[in-house]
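Each remark here refers to the structure printed beneath this line.
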Amino acid sequence: MCSHGNCHKQQIVESIQDEKQPVWDGNKVEMISEKLATDVYAFYAKDAEQLNASGGAAATSGGLIVGENGVLLIETFLNQRLNHQAQELIKKIANNKPILFAVNTSCHGDHWYGNMYLPSTTMIIQHENAKKYIDEHLEEDKTFMLQNLGKGRGIEDIKARTGNILVSDRSQIQIDLGGKLVEIIDFGFAQTGGDLFIWEPQSKTMWTGNPIVAPKPGLPWLLDGHLVDTLASLTRAYEFLPLDSRIIPGHGVAIKRDDFKWHIDYLTTLQKIVQSAIDDGLNLEQTVKKATDDMSQFRGYVLFDWIHSSLNISKAYEELKNKK
């Protein structure tokens with residue numbers, strides 16, 4: 001698990017570069033905070049809302065939950081520069097309370113590379129599969145990040161700092177910050193097999209990481225396939241959420257529960273159309289054409305042609321064709 005689907009990632013990166021589509025720059029991103037409720041904050045790039053609305057690619061989002069004893073940081077970001085911005089926001093928001101915990105939602109480097117810049121006393125929370133991937137594939141991940149986000153962005157300096165507290169498959173843990181309880185939940189395979197969702201029940205706020213990569217028109221990335229499992233996991237997360245909850249995506253601003261359903265509807269439609277194509281005897285090339293033409297209602301994402309047509313359809317076809 002947590003293998004990143006590296007062959008497809010390389011193809012996507014080359015396509016992005018060939019098409020000169022926008023890629024966010026870790027040397028230029030300016031992080032801002034948004035107060036969601038008392039002691040609950042979202043962190044995201046100041047241009048995230050604009051990029052989300054136009055279907056563009058925004059930098060990594062995260063957040064902060066403040067308790068009486070200290071804080072929990074959600075995501076530690078790509079490099080020292082962005083991690084420093086997050087720590088400066090924490091100082092202003094939390095009046096220099098200690099960073100007791102930091103949670104990484106996945107093994108993707110832009111969500112955890114900043115771990116090494118946190119105080120040595122901070123406890124890192126990861127999924128056990130994320131830790132295993134990082135321990136075994138750090139250089140591979142850094143190579144991808146350098147190709148995607150560029151040299152000279154601090155990626156070259158990254159050394160692994162992995163979890164002190166590990167979450168196992170389909171389990172959850174609770175963190176007590178002092179008057180503030182936070183739940184860290186694995187709903188099942190949602191993109192990498194090492195995906196964590198953070199739930200703050202008082203404010204009804206959830207951080208999803210990349211399984212919900214961005215608001216509509218953003219689409220799920222089936223880097224490792226597992227369409228059926230991903231759909232089931234996102235459905236479990238959606239059903240867990242109260243009607244008035246708010247969700248912070250992996251690369252975007254806050255959305256509502258109804259907005260979450262866009263991603264479930266996309267995967268449901270993808271499964272239905274690809275299965276129908278297989279039942280009708282269509283080959284992969286024919287299925288790609290059909291599922292691209294028949295799912296034009298999901299266009300708008302700057303990476304639609306690559307994520308949907310090049311990656312997701314082929315992953316879905318392979319899985320559904322071979323299912324027993």
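A short reminder: the numbers here are calculations on the coordinates, not readings from a lab. Remember, predicted model here, so these are calculated numbers, not experimental data. Backbone-built Cβ (ideal geometry, glycine too); neighbour counts: all protein chains shown.
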Next on the checklist: Can you tell me which aspartates and glutamates have their Cα less than 16 Å from the Cα of LYS35? Leave out same-chain residues fewer than eight positions away.
Outcome noted: GLU49, GLU88, GLU200
Next on the checklist: With θ taken as phi - 60° and the coefficients 6.51, -1.76 and 1.60, list the Karplus ³J(HN,Hα) couplings across segment 118-127 in order, rounded to whole Hz; mark glycine and proline as x.
Outcome noted: 7, x, 5, 7, 6, 8, 8, 10, 9, 6
Item to check | Helix axis angle, 284-293 relative to the chain longest principal axis, alpha carbon, degrees | outcome: 70 degrees
Next on the checklist: Taking R0 as 56 Å, what FRET efficiency do you get between GLU88 and SER276 from their Cβ-Cβ distance, rounded to the nearest 0.05?
Outcome noted: 0.60
Checklist entry - Between ASP293 and ASP258, what length comes free when the chain is fully extended (0.36 nm per residue of separation minus the Cα-Cα distance, one decimal in nm)? => result 10.1 nm
Checklist entry - Using a simple spin-label model with points 7 Å from Cα along the Cα→Cβ vector, what separation in nm is obtained for LEU181 and THR269? => result 3.9 nm
Checklist entry - Amide H to amide H, which residues 5 or more places from LEU100 or on other chains are under 5 Å from it, using H placed in the peptide plane? => result VAL71
Checklist entry - By DSSP, what percent of the beta bridges with both residues in the chain are antiparallel, rounded to the nearest 5? => result 65 percent
Checklist entry - Cα-Cα over 24 Å: which of LYS216/LYS323; LYS289/LYS323; LYS180/LYS204? => result LYS216/LYS323
Next on the checklist: Can you tell me the orientation of helix 6-19 relative to the chain, as the angle in degrees between its alpha-carbon axis and the longest Cα principal axis, to the nearest 10?
Outcome noted: 90 degrees
Item to check | Cα-based reach from LYS321 at 18 Å (exclusive), listing aspartates and glutamates while leaving out same-chain residues under 8 positions away | outcome: ASP224, ASP229, ASP279, ASP280, GLU285
Next on the checklist: Using helices alone, I'd like the mean residue ellipticity at 222 nm for the chain: each DSSP H run of four-plus residues gives -39500 (n - 2.57), total over residue count, nearest 500.
Outcome noted: -11500 deg cm²/dmol
Checklist entry - What nm distance separates the two modelled labels at LEU284 and THR235, each placed 7 Å from Cα along Cα→Cβ? => result 2.7 nm
Checklist entry - Against the longest alpha carbon principal axis of the chain, how many degrees, from 0 to 90 and to the nearest 10, is the axis of helix 257-279 turned? => result 30 degrees
Item to check | 3J(HN,Hα) from dihedral phi, segment 312-319, Karplus parametrisation 6.51/-1.76/1.60, rounded to Hz, x for glycine, proline | outcome: 5, 5, 5, 5, 5, 4, 4, 5
Item to check | segment 85-119 residues near the modelled ASP157 label - backbone nitrogen below 18 Å, point 7 Å along Cα→Cβ | outcome: 85-89, 109-119
Next on the checklist: Can you compute the charge dipole magnitude of the chain about its Cα centre, using +1 on each Lys and Arg Cβ and -1 on each Asp and Glu Cβ, nothing else charged? Give it in debye, rounded to the nearest 20.
Outcome noted: 440 debye
Checklist entry - Rounded to the nearest 0.05, what FRET efficiency do ASP169 and GLU318 have when you use their Cβ-Cβ distance and R0 = 22 Å? => result 0.45
Next on the checklist: Which lysines, if any, have their Cα less than 18 Å from the Cα of LYS151, not counting same-chain residues under 8 positions apart?
Outcome noted: LYS9, LYS20, LYS28, LYS142, LYS159
